1. How many of the residues in the range 18-50 are in contact with a helix residue (DSSP H, G or I) (Cβ under 8 Å, 6 or more places away or on another chain) and free of Cβ contacts under 8 Å to residues at least 40 places away in the same chain?
2. Check off (1) surrounded by fewer than 17 Cβ atoms within 10 Å (Cβ to Cβ); (2) more than 22 Å from residue 9 (Cα to Cα) for residue 59 and give me the number that stays unchecked.
3. In the range 11-31, which residues are surrounded by 15 or more Cβ atoms within 10 Å (Cβ to Cβ), more than 22 Å from residue 59 (Cα to Cα) and in contact with a strand residue (DSSP E or B) (Cβ under 7 Å, 6 or more places away or on another chain)?
4. So, in the range 63-81, of the ones that are over 15 Å from residue 18 (Cβ atoms) and touching a residue at least 12 places away in the same chain (Cβ under 8 Å), which residue ends up surrounded by the fewest Cβ atoms within 10 Å (Cβ to Cβ)?
5. Restricting to the range 53-72, give me the number of residues that are more than 10 Å from the chain's Cα centre (by Cα) and not in a loop (DSSP other than H, G, I, E, B).
């Protein structure tokens, strides 16, 4: 979940980005590699070109929170994905 707490608390929608365990040999500037940890069990990447809004009723589980360092990487990759930062 990428949306800030204020949106999560007051909106019927949340902002999500998917993870994948495929094609990990190439990580683009708009993607972030996540090594296995307590939250993500398998090596994965965050697909920031696939940001989407979704109804809270469709979100079935909360698995945990990524580290602040990883979130900083996600922030930078998201800025590239939406054109706020040049590659």
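1. 5
2. That leaves (2) as the condition not met.
3. If the condition is that a residue be surrounded by 15 or more Cβ atoms within 10 Å (Cβ to Cβ), more than 22 Å from residue 59 (Cα to Cα) and in contact with a strand residue (DSSP E or B) (Cβ under 7 Å, 6 or more places away or on another chain), then 31 is the only one that fits.
4. 64
5. The number of residues fulfilling the criteria is 9.
FYI, it's all coordinate maths here, none of it is from the lab. None of the values given here were measured: they were computed from a predicted structure. When we count neighbours, we look across all protein chains shown, and the Cβ atoms used for this are built from the backbone with ideal geometry, even at glycine.
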